[in-house]
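Here is the structure we will look at.
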Amino acid sequence: MFTFRQATPDDAEDIAAIVNLTSAGVVTHLFGGLVPGLSAESILSVGFMKGHGPYHTNNVILSGIRGRLTSLLFMYPASEHKVPILMASLMPAKRLKAVRPVLERGVPGSLYINTFWIAEELRGNGHATALMVEAVSRARSLGLDRISLFCWNDNEPALHF
């Protein structure tokens, strides 16, 4: 049995670390070197702490074992999947242009799964299915009738799932 919990602002650093890890360089591309002295991950963490656009802890479900994070599901209505106004106003247009299609692609009327992560040693034991049950429940509670998830074409485990 897997137990999930709603993320809180105290989880922002862990959330940012996992989103960065799974982003295939998108987080670093967007936020790297943007603010002197702050890493891309730190900037994303602040975004989650403050709740900018869909980057809010209310949109993240976590699980853990003995204080260690074991899974993360970051999801929100696809209608919210767009470049946040704050990001667009602070980011150089050239930097944003390269990833804008990824940041704006969504399936209308769906719950968009931005990040779906399970600790490697727990993969293959039903954790992913349990997370998807949580996603279906969230979609239904929001009145959405489908779920959308995009993954990189070289992410074999995600494509298989």
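The values are calculated or read from the model by the stated rules, or taken from the named source; none is laboratory data. Values in this document were obtained by computation on a predicted structure and should not be read as measured data. Glycine gets a Cβ as well: all are built from the backbone with ideal geometry, and neighbour counts include every protein chain shown. These accessible areas exclude ligands, DNA and RNA; they are computed on the full protein's heavy atoms, side chains included. Shrake-Rupley method; radii C 1.70, N 1.55, O 1.52, S 1.80 Å.
If you go through the stretch 61-86 and pick out every residue that is in a helix (DSSP H, G or I) and surrounded by fewer than 20 Cβ atoms within 10 Å (Cβ to Cβ), you end up with 4. Before we move on, is Ile43 under 18 Å from Met132 (Cα atoms), open to solvent by less than 50 Å² (accessible area, probe 1.4 Å) and β-branched (Val, Ile, Thr)? The answer is no for Ile43.
Among the candidates Leu30, Leu38, which residue alone is more than 20 Å from Ala7 (Cα to Cα) and open to solvent by less than 20 Å² (accessible area, probe 1.4 Å)?
Values: Leu38 fails: open to solvent by less than 20 Å² (accessible area, probe 1.4 Å).
Every option except Leu30 fails the conditions.
State whether the residues of the stretch 120-129 include one that is within 21 Å of His56 (Cβ to Cβ) and surrounded by 14 or more Cβ atoms within 10 Å (Cβ to Cβ). So far as the stretch 120-129 goes, no, none of its residues is within 21 Å of His56 (Cβ to Cβ) and surrounded by 14 or more Cβ atoms within 10 Å (Cβ to Cβ).
Please work out if Ile43 is hydrophobic (A, V, I, L, M, F, W, C) and part of a helix (DSSP H, G or I).
yes
Total residues in the stretch 87-111 satisfying the condition of being surrounded by 13 or more Cβ atoms within 10 Å (Cβ to Cβ) and touching a Leu at 6+ places or on another chain (Cβ under 9 Å): the figure is 11.
Taken together, the criteria exclude Arg100 from residues that are at pLDDT 95 or above, among the charged types (D, E, K, R) and at negative phi. Looking across the stretch 63-122, the residues that are in contact (Cβ under 8 Å) with a residue 12 or more places away in the chain and polar (S, T, N, Q) come down to Ser63, Thr70, Ser71, Ser79, Ser110, Asn114, Thr115.
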